[in-house]
1. If I fit a long axis through the Cα atoms of helix 78-89 and take the longest principal axis of the Cα atoms of the chain, what angle between them do I get, 0 to 90°, rounded to 10?
2. Whenever you get a sec, compute what percent of the accessible area on the range 34-95 sits on carbon and sulfur atoms (1.4 Å probe).
3. Using a cut-off of 25 Å between alpha-carbon atoms, which lysines can reach K115, once sequence neighbours fewer than 8 places away in the same chain are excluded?
4. Angle between the Cα long axis of helix 99-112 and the longest principal axis of the chain, 0 to 90 degrees, nearest 10?
5. If we sort 37-43, 4-10 on the protection proxy, mean other Cβ atoms within 10 Å, highest first, what's the order?
6. Report, ordered by chain and residue number, the aspartates and glutamates lying within cross-link reach of K34, taken as a straight Cα distance under 18 Å and ignoring same-chain residues fewer than 8 apart.
7. So for the range 2-74, averaging the separation of alpha carbon pairs under 8 Å that are six or more residues apart and normalising by length, what relative contact order in percent results?
8. Would you calculate, for the chain, the mean residue ellipticity at 222 nm contributed by helices, counting each DSSP H stretch of 4 or more residues as -39,500 (n - 2.57) and dividing by all residues, to the nearest 500?
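The values are calculated or read from the model by the stated rules, or taken from the named source; none is laboratory data. Keep in mind the model is a prediction, meaning the values are calculated, not measured. Counting neighbours? That spans all protein chains shown, and the Cβs are built from the backbone with ideal geometry, glycine included. Note: accessible area is taken over every heavy atom of the protein model, side chains too, but ligands, DNA and RNA are not part of it. Shrake-Rupley method; radii C 1.70, N 1.55, O 1.52, S 1.80 Å.
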Amino acid sequence: MRITLNGQTSELDVDADKPLLWVLRDDLGLVGTKYGCGQALCGACTILVDGQPVRACQTTIADAADRSIVTIEGLSGKVAEVVQATWTRLDVPQCGYCQSGQVVATTALLTANRKPTDTDIDDALSGNLCRCSTYHRIRAAVHEAAKLLEA
């Protein structure tokens, strides 16, 4: 199976039905993408496939073959850098478990929409749950990152 992961193309010898989350974590040692619920309900395992946020727990390696996959470890570029710096500066995480999924989803949002409204943010991040309920800090960071990207 051939995948392009974080800009590097690799051939993997894994079962085609294996969830991408387990390929990332167990086979490739990329543990930034978290297991949360295993049912694509919490967003902890959010990654980008061809620039779109998807849940790695319900995406098989076959579904991702010959597509561009980006994990939290591979996020790069201006939008990702601004999002990550804003997350740190505003001290968004509490426990931090959901934050890789939140950052990946926010990067996708701000790549597509540099001036998101609260509704846009809610729509884009509604599948990313935060057990610590830092939603007000997440929203503030999204707005701050958008302002910095606009400048």
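1. Approximately 60 degrees, to the nearest 10.
2. With neighbouring chains kept in place, the figure for the range 34-95 is 48 percent.
3. Output for K115: K78, K147.
4. 80
5. Highest to lowest by the protection proxy: 37-43, 4-10.
6. D26, E73
7. About 42 percent, as a whole number.
8. Only helices count here, giving -11000 deg cm²/dmol.
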